[in-house]
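Participant: Can you read through this structure? Questions will come right after.
The values are calculated or read from the model by the stated rules, or taken from the named source; none is laboratory data. Here the structure is a predicted model, which is why all the values come from computation and not from measurement. Note: ideal-geometry Cβ built from the backbone for every residue, glycine included; neighbour counts use all protein chains shown.
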Amino acid sequence: MRGLRWQLAIFYLLLSIPALLLIEHSIVAFEFQRCVRELDDGRVQRVLDREADQISAAQMRGIHPDDLQDRLDRFVLQLERPRESLGTEAAYVLLELSEHPFTAELTRGDSALPTPARGIVHRVWQAQVSSSEVLRLQLQVPSPWHHFERGLSFEWPIAVAYLLLFLIGSATFLRIRVLRRLATIGLAAKAWARGDFSRSLSDSSADELGELARALNQMAHDLKAQFVTRAQLAALEERRRLARDLHDTVKQKMFALSLQIDAQRAAPNARTLDEAVLLVGEIQRELSDLLRELRADADQRDDLVPALRQRGVDFARRSGIALEADLPESCPMSPRVADAVFRIVDEALANIWRHAQTELAWLKLARQADGWLLTVRDDGCGGAAPKAPGMGLGNLQQRASAIGAVLTIASVANQGTTISLLCRDQT
(Lines give C-alpha, C1' and ligand atoms only; values in the text may rest on other atoms or scores of the structure.)
Protein backbone atom coordinates (compact mmCIF):
# COMPACT_ATOMS: atom_id res chain seq x y z
CA MET A 1 0.00 0.00 0.00
CA ARG A 2 2.89 2.33 0.66
CA GLY A 3 3.98 1.93 -2.93
CA LEU A 4 0.50 2.91 -4.08
CA ARG A 5 0.60 6.05 -1.92
CA TRP A 6 3.89 7.16 -3.42
CA GLN A 7 2.70 6.33 -6.90
CA LEU A 8 -0.37 8.52 -6.42
CA ALA A 9 1.73 11.37 -5.00
CA ILE A 10 4.19 11.24 -7.89
CA PHE A 11 1.32 11.00 -10.34
CA TYR A 12 -0.34 14.13 -8.91
CA LEU A 13 2.99 15.98 -8.97
CA LEU A 14 3.86 15.02 -12.52
CA LEU A 15 0.35 15.83 -13.67
CA SER A 16 -0.16 19.13 -11.84
CA ILE A 17 3.13 20.92 -12.55
CA PRO A 18 2.97 20.61 -16.35
CA ALA A 19 -0.72 21.44 -16.23
CA LEU A 20 -0.13 24.64 -14.25
CA LEU A 21 2.75 25.64 -16.53
CA LEU A 22 0.72 25.02 -19.64
CA ILE A 23 -2.36 26.84 -18.36
CA GLU A 24 -0.47 29.92 -17.19
CA HIS A 25 1.60 30.39 -20.30
CA SER A 26 -1.27 29.57 -22.61
CA ILE A 27 -3.26 32.36 -20.97
CA VAL A 28 -0.31 34.75 -21.24
CA ALA A 29 0.22 33.83 -24.90
CA PHE A 30 -3.46 34.30 -25.69
CA GLU A 31 -3.61 37.70 -23.96
CA PHE A 32 -0.36 38.75 -25.64
CA GLN A 33 -1.74 38.03 -29.11
CA ARG A 34 -4.88 39.95 -28.23
CA CYS A 35 -2.78 42.90 -27.04
CA VAL A 36 -0.66 42.97 -30.21
CA ARG A 37 -3.78 43.00 -32.38
CA GLU A 38 -5.18 45.95 -30.42
CA LEU A 39 -1.89 47.88 -30.61
CA ASP A 40 -1.80 47.39 -34.37
CA ASP A 41 -5.32 48.75 -34.92
CA GLY A 42 -4.10 52.42 -35.01
CA ARG A 43 -4.67 53.54 -31.43
CA VAL A 44 -0.92 53.78 -30.71
CA GLN A 45 -0.36 55.83 -33.85
CA ARG A 46 -3.09 58.28 -32.86
CA VAL A 47 -1.60 58.77 -29.40
CA LEU A 48 1.86 59.19 -30.94
CA ASP A 49 0.61 61.79 -33.47
CA ARG A 50 -0.98 63.79 -30.69
CA GLU A 51 2.21 63.71 -28.64
CA ALA A 52 4.29 64.71 -31.69
CA ASP A 53 2.08 67.77 -32.26
CA GLN A 54 2.52 68.81 -28.64
CA ILE A 55 6.31 68.39 -28.82
CA SER A 56 6.43 70.42 -32.06
CA ALA A 57 4.49 73.24 -30.37
CA ALA A 58 6.82 73.11 -27.37
CA GLN A 59 9.88 73.35 -29.63
CA MET A 60 8.44 76.40 -31.28
CA ARG A 61 8.13 77.99 -27.82
CA GLY A 62 11.82 77.17 -27.22
CA ILE A 63 11.61 74.26 -24.76
CA HIS A 64 14.87 73.27 -23.06
CA PRO A 65 16.37 69.90 -24.16
CA ASP A 66 16.24 68.53 -20.58
CA ASP A 67 12.58 69.43 -20.33
CA LEU A 68 12.02 67.76 -23.67
CA GLN A 69 13.57 64.53 -22.36
CA ASP A 70 11.41 64.69 -19.25
CA ARG A 71 8.37 65.03 -21.46
CA LEU A 72 9.37 61.92 -23.42
CA ASP A 73 9.86 60.01 -20.14
CA ARG A 74 6.39 61.03 -18.94
CA PHE A 75 4.94 59.92 -22.26
CA VAL A 76 6.54 56.46 -21.86
CA LEU A 77 5.23 56.20 -18.29
CA GLN A 78 1.75 56.95 -19.54
CA LEU A 79 2.04 54.22 -22.16
CA GLU A 80 3.05 51.77 -19.43
CA ARG A 81 -0.43 52.29 -18.00
CA PRO A 82 -2.13 51.00 -21.16
CA ARG A 83 -5.65 50.86 -19.79
CA GLU A 84 -5.73 54.65 -19.35
CA SER A 85 -3.49 55.72 -22.23
CA LEU A 86 -4.30 53.20 -24.93
CA GLY A 87 -7.73 51.99 -23.84
CA THR A 88 -6.86 48.28 -23.86
CA GLU A 89 -7.30 45.79 -21.01
CA ALA A 90 -5.03 43.18 -22.56
CA ALA A 91 -1.90 45.36 -22.47
CA TYR A 92 -1.19 44.40 -18.84
CA VAL A 93 0.58 41.34 -20.23
CA LEU A 94 3.31 43.63 -21.60
CA LEU A 95 4.44 44.46 -18.06
CA GLU A 96 4.36 40.72 -17.28
CA LEU A 97 6.92 40.16 -20.01
CA SER A 98 9.11 43.29 -19.54
CA GLU A 99 9.51 46.05 -16.96
CA HIS A 100 9.83 48.78 -19.66
CA PRO A 101 8.28 47.57 -22.91
CA PHE A 102 8.15 51.06 -24.56
CA THR A 103 10.95 53.47 -25.50
CA ALA A 104 10.48 56.90 -27.13
CA GLU A 105 13.05 59.20 -28.75
CA LEU A 106 13.43 62.12 -31.13
CA THR A 107 15.57 61.11 -34.05
CA ARG A 108 16.26 61.97 -37.65
CA GLY A 109 13.70 60.67 -40.09
CA ASP A 110 16.25 58.77 -42.19
CA SER A 111 17.94 56.97 -39.27
CA ALA A 112 18.05 53.16 -39.52
CA LEU A 113 15.76 51.01 -37.42
CA PRO A 114 17.38 48.57 -34.98
CA THR A 115 17.31 44.84 -35.73
CA PRO A 116 15.38 42.87 -33.07
CA ALA A 117 17.03 39.92 -31.35
CA ARG A 118 15.70 36.35 -31.63
CA GLY A 119 12.56 35.74 -29.63
CA ILE A 120 11.76 39.46 -29.32
CA VAL A 121 8.48 40.94 -30.54
CA HIS A 122 9.30 44.35 -32.07
CA ARG A 123 6.95 47.12 -33.16
CA VAL A 124 7.88 50.69 -34.34
CA TRP A 125 5.60 53.75 -34.73
CA GLN A 126 6.76 57.16 -36.03
CA ALA A 127 5.19 60.63 -36.12
CA GLN A 128 6.64 63.70 -37.84
CA VAL A 129 7.70 66.48 -35.45
CA SER A 130 9.52 68.73 -37.91
CA SER A 131 10.95 68.51 -41.37
CA SER A 132 14.07 66.78 -40.08
CA GLU A 133 12.90 65.04 -36.89
CA VAL A 134 10.44 62.27 -36.05
CA LEU A 135 9.10 60.98 -32.78
CA ARG A 136 9.86 57.23 -32.77
CA LEU A 137 8.13 54.82 -30.37
CA GLN A 138 9.40 51.28 -30.07
CA LEU A 139 7.87 48.23 -28.39
CA GLN A 140 10.30 45.42 -27.54
CA VAL A 141 9.16 42.49 -25.40
CA PRO A 142 10.15 38.81 -25.39
CA SER A 143 7.55 36.39 -26.72
CA PRO A 144 5.63 34.57 -23.95
CA TRP A 145 7.35 31.23 -24.55
CA HIS A 146 10.77 32.88 -24.74
CA HIS A 147 10.00 34.57 -21.46
CA PHE A 148 9.12 31.20 -19.95
CA GLU A 149 12.55 29.87 -20.88
CA ARG A 150 14.24 32.73 -19.02
CA GLY A 151 12.60 32.13 -15.66
CA LEU A 152 9.45 31.57 -13.66
CA SER A 153 6.96 34.28 -12.90
CA PHE A 154 6.27 35.63 -9.45
CA GLU A 155 3.10 33.51 -9.05
CA TRP A 156 5.02 30.25 -9.03
CA PRO A 157 6.03 30.21 -5.33
CA ILE A 158 2.32 30.46 -4.48
CA ALA A 159 1.41 27.73 -6.98
CA VAL A 160 4.13 25.40 -5.70
CA ALA A 161 3.10 25.97 -2.08
CA TYR A 162 -0.52 25.21 -2.92
CA LEU A 163 0.57 22.08 -4.79
CA LEU A 164 2.56 20.83 -1.79
CA LEU A 165 -0.41 21.38 0.52
CA PHE A 166 -2.64 19.57 -1.94
CA LEU A 167 -0.27 16.60 -2.10
CA ILE A 168 0.11 16.37 1.68
CA GLY A 169 -3.64 16.59 2.20
CA SER A 170 -4.34 13.99 -0.49
CA ALA A 171 -1.75 11.58 0.90
CA THR A 172 -3.11 11.94 4.45
CA PHE A 173 -6.68 11.41 3.32
CA LEU A 174 -5.78 8.39 1.21
CA ARG A 175 -3.77 6.80 4.02
CA ILE A 176 -6.40 7.24 6.74
CA ARG A 177 -9.63 6.86 4.81
CA VAL A 178 -8.67 4.53 1.96
CA LEU A 179 -5.33 2.71 2.07
CA ARG A 180 -5.46 1.59 5.70
CA ARG A 181 -8.94 0.17 5.25
CA LEU A 182 -7.99 -1.51 1.97
CA ALA A 183 -5.02 -3.14 3.75
CA THR A 184 -7.41 -4.57 6.36
CA ILE A 185 -9.66 -5.92 3.61
CA GLY A 186 -6.62 -7.46 1.89
CA LEU A 187 -5.50 -9.26 5.08
CA ALA A 188 -9.00 -10.63 5.61
CA ALA A 189 -9.18 -11.82 1.98
CA LYS A 190 -5.87 -13.69 2.37
CA ALA A 191 -7.16 -15.39 5.52
CA TRP A 192 -10.36 -16.42 3.74
CA ALA A 193 -8.33 -17.77 0.81
CA ARG A 194 -6.51 -20.05 3.30
CA GLY A 195 -9.86 -21.29 4.58
CA ASP A 196 -9.72 -19.28 7.80
CA PHE A 197 -13.14 -17.67 8.15
CA SER A 198 -12.66 -16.61 11.76
CA ARG A 199 -11.45 -13.19 10.63
CA SER A 200 -14.06 -10.53 9.93
CA LEU A 201 -14.02 -6.84 8.92
CA SER A 202 -15.11 -4.32 11.55
CA ASP A 203 -15.91 -1.21 9.53
CA SER A 204 -19.07 0.62 10.58
CA SER A 205 -18.64 3.65 8.29
CA ALA A 206 -21.43 4.51 5.88
CA ASP A 207 -19.25 5.13 2.82
CA GLU A 208 -18.55 2.75 -0.09
CA LEU A 209 -15.69 0.95 1.68
CA GLY A 210 -17.88 0.37 4.72
CA GLU A 211 -20.58 -1.13 2.52
CA LEU A 212 -17.96 -3.25 0.78
CA ALA A 213 -16.67 -4.53 4.14
CA ARG A 214 -20.15 -5.57 5.25
CA ALA A 215 -20.81 -7.26 1.91
CA LEU A 216 -17.51 -9.16 2.17
CA ASN A 217 -18.36 -10.28 5.70
CA GLN A 218 -21.63 -11.69 4.43
CA MET A 219 -19.84 -13.36 1.53
CA ALA A 220 -17.33 -14.98 3.93
CA HIS A 221 -20.19 -16.26 6.08
CA ASP A 222 -21.93 -17.74 3.04
CA LEU A 223 -18.69 -19.31 1.78
CA LYS A 224 -18.04 -20.90 5.16
CA ALA A 225 -21.53 -22.43 5.15
CA GLN A 226 -21.09 -23.59 1.56
CA PHE A 227 -17.72 -25.21 2.31
CA VAL A 228 -19.21 -27.10 5.24
CA THR A 229 -22.10 -28.30 3.07
CA ARG A 230 -19.79 -29.32 0.24
CA ALA A 231 -17.52 -31.20 2.65
CA GLN A 232 -20.51 -33.11 3.99
CA LEU A 233 -21.72 -33.89 0.46
CA ALA A 234 -18.23 -34.98 -0.59
CA ALA A 235 -17.99 -37.32 2.38
CA LEU A 236 -21.45 -38.73 1.59
CA GLU A 237 -20.56 -39.21 -2.08
CA GLU A 238 -17.30 -40.93 -1.13
CA ARG A 239 -19.18 -43.34 1.15
CA ARG A 240 -21.60 -44.12 -1.68
CA ARG A 241 -18.72 -44.69 -4.09
CA LEU A 242 -16.98 -47.03 -1.68
CA ALA A 243 -20.26 -48.89 -1.19
CA ARG A 244 -20.60 -49.34 -4.96
CA ASP A 245 -17.00 -50.49 -5.30
CA LEU A 246 -17.31 -52.97 -2.47
CA HIS A 247 -20.58 -54.25 -3.90
CA ASP A 248 -19.23 -54.68 -7.42
CA THR A 249 -15.91 -56.26 -6.42
CA VAL A 250 -15.35 -57.60 -2.96
CA LYS A 251 -18.96 -58.60 -2.25
CA GLN A 252 -19.33 -60.54 -5.48
CA LYS A 253 -15.99 -62.28 -5.06
CA MET A 254 -16.79 -63.06 -1.44
CA PHE A 255 -20.03 -64.64 -2.64
CA ALA A 256 -18.11 -66.69 -5.21
CA LEU A 257 -15.60 -67.65 -2.51
CA SER A 258 -18.38 -68.86 -0.21
CA LEU A 259 -19.69 -71.04 -3.05
CA GLN A 260 -16.25 -72.54 -3.53
CA ILE A 261 -15.93 -73.23 0.19
CA ASP A 262 -19.36 -74.90 0.27
CA ALA A 263 -18.40 -77.03 -2.72
CA GLN A 264 -15.15 -78.00 -1.05
CA ARG A 265 -16.99 -79.04 2.09
CA ALA A 266 -19.47 -81.14 0.11
CA ALA A 267 -16.83 -82.80 -2.08
CA PRO A 268 -13.19 -82.04 -1.39
CA ASN A 269 -11.45 -81.20 -4.64
CA ALA A 270 -8.01 -79.73 -5.28
CA ARG A 271 -9.25 -77.64 -8.22
CA THR A 272 -12.03 -76.10 -6.13
CA LEU A 273 -9.51 -75.26 -3.42
CA ASP A 274 -7.15 -73.66 -5.94
CA GLU A 275 -10.01 -71.54 -7.28
CA ALA A 276 -10.82 -70.40 -3.74
CA VAL A 277 -7.21 -69.40 -3.22
CA LEU A 278 -7.29 -67.40 -6.45
CA LEU A 279 -10.47 -65.64 -5.33
CA VAL A 280 -8.82 -64.70 -2.05
CA GLY A 281 -5.94 -63.19 -4.03
CA GLU A 282 -8.35 -61.23 -6.21
CA ILE A 283 -10.17 -59.91 -3.13
CA GLN A 284 -6.87 -58.78 -1.66
CA ARG A 285 -5.97 -57.09 -4.93
CA GLU A 286 -9.34 -55.29 -5.11
CA LEU A 287 -8.97 -54.01 -1.55
CA SER A 288 -5.42 -52.87 -2.31
CA ASP A 289 -6.65 -51.00 -5.38
CA LEU A 290 -9.30 -49.21 -3.32
CA LEU A 291 -6.77 -48.20 -0.67
CA ARG A 292 -4.25 -47.11 -3.31
CA GLU A 293 -6.90 -44.95 -5.01
CA LEU A 294 -7.68 -43.23 -1.71
CA ARG A 295 -3.99 -42.43 -1.20
CA ALA A 296 -3.19 -41.58 -4.84
CA ASP A 297 -1.76 -38.21 -5.90
CA ALA A 298 -3.66 -36.09 -8.43
CA ASP A 299 -0.87 -36.44 -11.03
CA GLN A 300 -0.40 -40.19 -10.64
CA ARG A 301 -1.13 -42.40 -13.68
CA ASP A 302 -1.95 -46.12 -13.75
CA ASP A 303 -1.60 -48.44 -16.73
CA LEU A 304 -4.95 -50.07 -17.54
CA VAL A 305 -3.60 -52.82 -19.80
CA PRO A 306 -2.06 -55.29 -17.28
CA ALA A 307 -5.11 -55.17 -15.02
CA LEU A 308 -7.53 -55.56 -17.95
CA ARG A 309 -5.55 -58.54 -19.29
CA GLN A 310 -5.59 -60.21 -15.86
CA ARG A 311 -9.33 -59.63 -15.54
CA GLY A 312 -9.86 -61.30 -18.91
CA VAL A 313 -7.81 -64.32 -17.87
CA ASP A 314 -9.70 -64.64 -14.55
CA PHE A 315 -13.06 -64.29 -16.31
CA ALA A 316 -12.28 -66.99 -18.89
CA ARG A 317 -10.99 -69.37 -16.22
CA ARG A 318 -13.99 -69.05 -13.92
CA SER A 319 -16.76 -68.80 -16.52
CA GLY A 320 -15.47 -71.15 -19.17
CA ILE A 321 -16.28 -68.49 -21.81
CA ALA A 322 -13.49 -67.81 -24.28
CA LEU A 323 -12.38 -64.17 -24.28
CA GLU A 324 -10.49 -62.56 -27.14
CA ALA A 325 -8.59 -59.49 -25.84
CA ASP A 326 -7.29 -56.79 -28.20
CA LEU A 327 -5.29 -54.44 -25.98
CA PRO A 328 -2.52 -51.89 -26.68
CA GLU A 329 0.88 -52.01 -25.02
CA SER A 330 -0.07 -49.40 -22.44
CA CYS A 331 -2.85 -46.98 -21.51
CA PRO A 332 -2.01 -44.58 -18.64
CA MET A 333 -4.93 -43.05 -16.76
CA SER A 334 -5.52 -41.41 -13.42
CA PRO A 335 -6.37 -43.82 -10.54
CA ARG A 336 -9.93 -42.46 -10.31
CA VAL A 337 -10.63 -43.04 -14.01
CA ALA A 338 -8.83 -46.39 -14.04
CA ASP A 339 -10.87 -47.65 -11.08
CA ALA A 340 -14.14 -46.67 -12.79
CA VAL A 341 -13.08 -48.44 -15.99
CA PHE A 342 -12.21 -51.62 -14.05
CA ARG A 343 -15.60 -51.63 -12.33
CA ILE A 344 -17.43 -51.17 -15.64
CA VAL A 345 -15.44 -54.04 -17.22
CA ASP A 346 -16.11 -56.29 -14.21
CA GLU A 347 -19.85 -55.56 -14.38
CA ALA A 348 -19.97 -56.07 -18.15
CA LEU A 349 -18.12 -59.42 -17.96
CA ALA A 350 -20.28 -60.55 -15.05
CA ASN A 351 -23.42 -59.82 -17.09
CA ILE A 352 -22.04 -61.89 -20.00
CA TRP A 353 -21.42 -64.80 -17.63
CA ARG A 354 -24.88 -64.59 -16.01
CA HIS A 355 -27.14 -63.63 -18.92
CA ALA A 356 -25.52 -63.82 -22.38
CA GLN A 357 -25.66 -67.65 -22.82
CA THR A 358 -22.61 -67.58 -25.07
CA GLU A 359 -19.25 -69.29 -25.40
CA LEU A 360 -17.28 -66.31 -26.81
CA ALA A 361 -16.74 -62.68 -25.77
CA TRP A 362 -14.46 -59.84 -26.89
CA LEU A 363 -12.57 -57.15 -24.96
CA LYS A 364 -10.96 -54.32 -26.95
CA LEU A 365 -9.22 -51.07 -26.04
CA ALA A 366 -8.29 -48.71 -28.89
CA ARG A 367 -6.94 -45.21 -29.20
CA GLN A 368 -9.31 -42.60 -30.71
CA ALA A 369 -8.74 -39.01 -31.83
CA ASP A 370 -10.06 -37.57 -28.58
CA GLY A 371 -9.47 -40.40 -26.10
CA TRP A 372 -9.69 -44.18 -25.54
CA LEU A 373 -12.56 -46.44 -26.64
CA LEU A 374 -13.21 -49.56 -24.56
CA THR A 375 -15.53 -52.22 -26.01
CA VAL A 376 -16.93 -55.31 -24.28
CA ARG A 377 -18.96 -57.50 -26.69
CA ASP A 378 -20.62 -60.91 -26.86
CA ASP A 379 -22.68 -62.84 -29.43
CA GLY A 380 -25.22 -64.17 -26.96
CA CYS A 381 -28.94 -63.79 -26.55
CA GLY A 382 -28.91 -59.98 -26.31
CA GLY A 383 -32.00 -58.03 -25.32
CA ALA A 384 -30.33 -56.19 -22.41
CA ALA A 385 -31.44 -52.68 -21.50
CA PRO A 386 -30.03 -50.06 -19.07
CA LYS A 387 -31.71 -49.97 -15.69
CA ALA A 388 -32.21 -47.22 -13.14
CA PRO A 389 -29.19 -46.38 -10.94
CA GLY A 390 -28.67 -48.87 -8.13
CA MET A 391 -26.21 -51.47 -6.98
CA GLY A 392 -26.23 -53.51 -10.21
CA LEU A 393 -26.24 -52.84 -13.94
CA GLY A 394 -27.40 -49.26 -13.47
CA ASN A 395 -24.00 -48.44 -11.98
CA LEU A 396 -22.46 -48.49 -15.46
CA GLN A 397 -24.02 -45.21 -16.55
CA GLN A 398 -23.41 -43.65 -13.15
CA ARG A 399 -19.75 -44.57 -13.11
CA ALA A 400 -19.23 -43.34 -16.68
CA SER A 401 -20.84 -39.98 -15.90
CA ALA A 402 -18.67 -39.59 -12.78
CA ILE A 403 -15.47 -39.61 -14.86
CA GLY A 404 -16.87 -37.61 -17.80
CA ALA A 405 -16.99 -40.64 -20.12
CA VAL A 406 -19.71 -41.63 -22.59
CA LEU A 407 -21.26 -45.08 -22.19
CA THR A 408 -23.46 -46.69 -24.85
CA ILE A 409 -25.22 -50.07 -24.74
CA ALA A 410 -26.35 -51.77 -27.94
CA SER A 411 -28.26 -55.00 -27.40
CA VAL A 412 -30.41 -56.71 -30.01
CA ALA A 413 -32.27 -59.93 -29.30
CA ASN A 414 -30.32 -63.00 -30.46
CA GLN A 415 -27.51 -60.75 -31.80
CA GLY A 416 -25.51 -60.15 -28.65
CA THR A 417 -24.68 -57.06 -26.61
CA THR A 418 -22.01 -54.38 -27.10
CA ILE A 419 -21.00 -52.00 -24.32
CA SER A 420 -18.80 -49.08 -25.44
CA LEU A 421 -17.05 -46.61 -23.15
CA LEU A 422 -15.36 -43.51 -24.58
CA CYS A 423 -12.92 -41.97 -22.10
CA ARG A 424 -11.88 -38.58 -23.42
CA ASP A 425 -8.41 -37.21 -22.75
CA GLN A 426 -8.15 -35.25 -19.52
CA THR A 427 -7.15 -31.55 -19.99
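Participant: Would you call GLN226 more than 30 Å from GLU80 (Cβ to Cβ), modelled with pLDDT of 80 or more and of a type in the set (S, T, N, Q)?
Facilitator: Working: more than 30 Å from GLU80 (Cβ to Cβ): yes; modelled with pLDDT of 80 or more: yes; of a type in the set (S, T, N, Q): yes.
Considered against the rule, which asks whether it is more than 30 Å from GLU80 (Cβ to Cβ), modelled with pLDDT of 80 or more and of a type in the set (S, T, N, Q), GLN226 comes out as yes.
Participant: For segment 208-233, which residues satisfy the criterion of being closer than 19 Å to LEU179 by Cβ and exposed (fewer than 12 other Cβ atoms within 10 Å of the Cβ)? Walk me through it before giving the result.
Facilitator: Residues of segment 208-233 that are closer than 19 Å to LEU179 by Cβ, as a first pass: 208-213, 216.
Within segment 208-233, GLU208 is the sole residue that qualifies.
Participant: All but one of (1) more than 15 Å from LEU421 (Cβ to Cβ); (2) among the β-branched types (Val, Ile, Thr); (3) crowded, with 18+ Cβ neighbours inside 10 Å hold for VAL313; which doesn't?
Facilitator: Only one criterion in (1) more than 15 Å from LEU421 (Cβ to Cβ); (2) among the β-branched types (Val, Ile, Thr); (3) crowded, with 18+ Cβ neighbours inside 10 Å is unmet by VAL313, namely (3).
Participant: Can you tell me which condition ARG292 does not meet? The list is (1) at pLDDT below 70; (2) in the same structural domain as TRP372 (by TED's automatic domain parsing), and all the others hold.
Facilitator: Of the numbered conditions (1) at pLDDT below 70; (2) in the same structural domain as TRP372 (by TED's automatic domain parsing), the odd one out for ARG292 is (2).
Participant: Test PRO101 against the stated conditions and say whether it is modelled with pLDDT under 85 and surrounded by 12 or more Cβ atoms within 10 Å (Cβ to Cβ). Show your work before the answer.
Facilitator: Details: modelled with pLDDT under 85: yes; surrounded by 12 or more Cβ atoms within 10 Å (Cβ to Cβ): yes.
Judged against the criteria, PRO101 is a match.
Participant: For ALA356, indicate whether it is surrounded by 13 or more Cβ atoms within 10 Å (Cβ to Cβ), within 15 Å of PHE315 (Cβ to Cβ) and at pLDDT below 90.
Facilitator: Details: surrounded by 13 or more Cβ atoms within 10 Å (Cβ to Cβ): yes; within 15 Å of PHE315 (Cβ to Cβ): yes; at pLDDT below 90: yes.
Yes.
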